[in-house]
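What follows is one structure encoded as structure tokens, with my remarks underneath.
The values are calculated or read from the model by the stated rules, or taken from the named source; none is laboratory data. These figures come from a predicted structure and were not determined experimentally. Cβ sites come from the backbone with ideal geometry, for glycine too, and all protein chains shown count toward neighbours. All accessible areas refer to the heavy atoms of the entire protein, side chains included, with ligands and DNA or RNA removed. Shrake-Rupley method; radii C 1.70, N 1.55, O 1.52, S 1.80 Å.
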Amino acid sequence: MKVLVCISKTPDTTAKIAFTEGNTKFDENGVQWIINPYDEWYSLVRAIELKEQDPATIIHLVTVGEADSEPIIRKALALGGDEAIRVNLNSNDSFVIASQIATIAKEGAYDLIFTGKETIDYNSSCIGSMLSAILDMPFVSSANHFELAGNTATIKREIEGGEETCELNLPAVISCQKGMAEQRIPNMRGIMAARTKPLKIVEPTTVKATTTIKSFELPAAKTGVKLVEANNMDELVRLLKEEAKVI
Amino acid sequence: MVLVYIDQAEKQIKKSAFEVLSYGAALAKQLGCAAEALVLGNVNDDLAALGKYGVTKVRQIANEGVQHFDAKVYTQVIAAAAQKAGATVLIFAHSINGKAIAPAVAVKLGAGIVTGASALPKTDAGFIVTKTVFSGKAFASIQIETPIKVIALNQNSFGVFPQDGTASIEAMDIDIPNPSIKITSTELVKGEIPLTEASLVVSAGRGLKGPENWGMIETLAKTLGAATACSRPVSDSDWRPHHEHVGQTGLQIAPNLYIAVGISGAIQHLAGVNRSKTIVVINKDPEAPFFKAADYGVIGDAFEIVPALNEAILKSKAGA
Ligand SMILES: Cc1cc2nc3c(=O)[nH]c(=O)nc-3n(C[C@H](O)[C@H](O)[C@H](O)COP(=O)(O)OP(=O)(O)OC[C@H]3O[C@@H](n4cnc5c(N)ncnc54)[C@H](O)[C@@H]3O)c2cc1C
């Protein structure tokens, strides 16, 4: 079985969010980059577990990004995976990114494509869904459990107020979230091995962007907390009712 | 025409539908065109009554093959219906199912999409949609460049505006593809309000010391009619179920009221709740970072404050 795991580079969760060039670009100054947590903790680790169960499994990682994505993809390879592909393109347009990954996916004839539920920077939740449409494959989103028996996958996904279990035949696209697997820390052997794993650089195909980011904005700061005495909960209830009007 | 996708489960229209209908109707008014709704499957709700939210027509594909959610099938059917109906803008809720299908439908229609939209688009020059980015820490304004546009609206970001009106109902005949998945079971957590749909949420963190102390949180939630949530270490330690975990790596929610009890307010936690309209923080440490993001704060011991707050709400309810 061949698995393709989509890896995205995102700013660290504690990164200062600021913008430059007249609020049109994210300020990357001093930002630490990490593997998008959903890609790392859930989809990549679950793929590695599948390979541990069945060593014949082949795992390829794919990222769409320029040379500055390489530390991230090497870190992902240190966790596991056989080789990585980097499509040499920097884009903010989900359709452009999904189209690049779809090209790789078609060429590699993968049985299974894992993405994270969303990236923690643009929070668009688009790539998995778009891939399924371009590749015409079944799609299960927000999966928190994935088992494979032969060609049949049993998948649990979150639904409003509960959980749904479904079965499908591969190939398929799955977006992963908490529950799929437990976070792992790369060990020294993995880090050494990652240095020599193949990292293929592929030039992008031409795809027209469907959207353009015009500007960014920070939300208005909170005006400041109103403190209520611990022995005066009647006052808190009054404020919630009369001032905030939320209860 | 603005076409609003209405999600249903178990023949019941989802709560998120009313907000996207109100949003779609407001957008149609802004564009000077009609707003219509699209429902897949049979529902028990009165579809004509959706006119109350500003749509003039409800299109229904009442076929057994679309009774249950199947992302691939729904994508094809919605895209075909949108084309047949001549929709130029499609609206989805940025809900679990909306996230699964809206981007795929956009691909099928050759449309640009903005998910996580937080307001009506600016349409005086171009078509610019504002969305939340960096887990609610910023907004981006994004121009959609294609003739057909798709928007997925953040839940609880626009509001629900019922008016007078009824909608006509039109059955649509669309080819239904074969199922791509087989649903084998559905488990609903009984009697609980789904966190993503809740307008009031009571949440607690490691400050509660252990799972045995959640009784007072559940009692307060029950008194308010609120859903319960928790911080990541709490669900990681299995003190609470995983589906209650909110934050950057859990659920992102935007209720009207979020009460945080014994949660320090780490940046990753705030990323999941910073779009809440009103935040109340109860923490014994006056330096807890959460107070900086709060509207109301109570400094003190949760084990005394939470029961007292519960009493005060009961008293206020009895008095009202
Ligand atoms: C990549 C990454 C992603 C993460 N994602 C998330 C996420 O999605 N969601 C999330 O929540 N966290 C997330 N975290 C973890 C986050 O950084 C914090 O560690 C976590 O939110 C802390 O949880 P807490 O507030 O419950 O616990 P603590 O930080 O231990 O805070 C407990 C609080 O309780 C207070 N307290 C103690 N006793 C009492 C009492 N008797 N009465 C009142 N108050 C009391 C204390 O003063 C303290 O402020 C993430 C971290 C990383 C690195």
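General observations
- Column: log10 I(q)/I(0), Debye, Cα scatterers of the stretch B:1-58, q = 0.14, 0.15, 0.22 Å⁻¹: -0.32, -0.36, -0.75
- GNM flexibility winner over chain A from A:SER215, A:SER99, A:SER125 (Cα, springs under 10 Å): A:SER215
- Projecting the Cα atoms of B:ALA71, A:GLN100, A:VAL173 onto the dipole axis of the protein assembly as shown, where Lys and Arg carry +1 and Asp and Glu carry -1 at the beta carbon, places A:GLN100 farthest toward the positive end.
- The stretch B:195-319 - percent relative contact order, Cα under 8 Å, separation 6 or more: 24
- Quarter of the Cα convex hull surface for the protein assembly as shown, i.e. its orientation-mean projected area (nm²): 25.8
- Counting only Cβ charges, +1 for Lys and Arg and -1 for Asp and Glu, the dipole size of the protein assembly as shown around its Cα centre is about 680 debye.
- Relative contact order of chain B, pairs being alpha-carbon contacts under 8 Å that are 6 or more residues apart, as %: 14
- The GluC sites (Glu not before Pro) found in the stretch A:1-82 that occupy coil by DSSP, while having at most 10 further C-beta atoms within 10 Å, are A:GLU21.
- Across the stretch B:2-171, Cα-Cα distances exceeding 20 Å account for 46% of all pairs.
- Gaussian network model of chain A, Cα within-10 Å springs - most flexible of A:ARG189, A:ARG74, A:ARG46: A:ARG189
- Length-normalised contact order for the stretch B:216-288 - Cα pairs under 8 Å, 6+ apart - percent: 25
- Paired Rg and Dmax values of chain A, which use every Cα atom, in angstrom: 21.1, 67
- Charged side chains reduced to their Cβ positions (Lys and Arg at +1, Asp and Glu at -1) give chain A a dipole of some 440 debye around its Cα centre.
- Restricting the stretch B:204-259 to trypsin sites (Lys or Arg not before Pro) in coil, as DSSP defines it, with at most 11 other Cβ within 10 Å: B:LYS209
- Annotation for the stretch B:1-61: GluC sites (Glu not before Pro) lying in DSSP loop with at most 15 further Cβ atoms inside 10 Å of their Cβ are B:GLU10.
- Rg/Rg_globular for the stretch B:195-319, with Rg_globular taken as 2.2 N^0.38 Å and Rg from C-alpha atoms: 0.95
- Considering only A:ASN88, A:ASN144, A:ASN232, the mean-square fluctuation computed in a Gaussian network model of chain A, springs between alpha carbons under 10 angstrom, is largest for A:ASN232.
- Eigenvalues of the alpha-carbon gyration tensor of the stretch A:1-143, scaled by 5 and square-rooted, set the equivalent ellipsoid semi-axes at 26, 17, 13 angstrom, largest first.
- Cross-linked pairs A:LYS178/A:LYS245; A:LYS75/A:LYS208; A:LYS106/B:LYS149; B:LYS72/B:LYS99: Cα-Cα separations exceed 23 Å for A:LYS178/A:LYS245; A:LYS75/A:LYS208; A:LYS106/B:LYS149.
- Charge dipole of the stretch A:140-223 (Cα centre as origin; +1 on each Lys and Arg Cβ, -1 on each Asp and Glu Cβ, all else neutral): 620 debye, rounded to the nearest 20.
- Positive-pole candidate from B:SER185, A:TYR42, A:ASN23, dipole of the protein assembly as shown, charges at beta carbon: A:ASN23
- Scattering profile of the stretch B:210-278 at q = 0.18, 0.28 Å⁻¹ [log10 I(q)/I(0), Debye over alpha-carbon scatterers]: -0.65, -1.46
- Normalised size of chain B, defined as Cα radius of gyration per 2.2 N^0.38 Å with N residues, equals 1.08.
- Rolling a 1.4 Å probe over the heavy atoms of the protein chains gives chain A an accessible area of 43 Å² per residue.
- More than 17 angstrom apart: percent of Cα pairs within the stretch A:198-245: 69
- Cα gyration tensor category, rounded, prolate or oblate, for the stretch B:140-254 with a/c compared to 1.5: prolate
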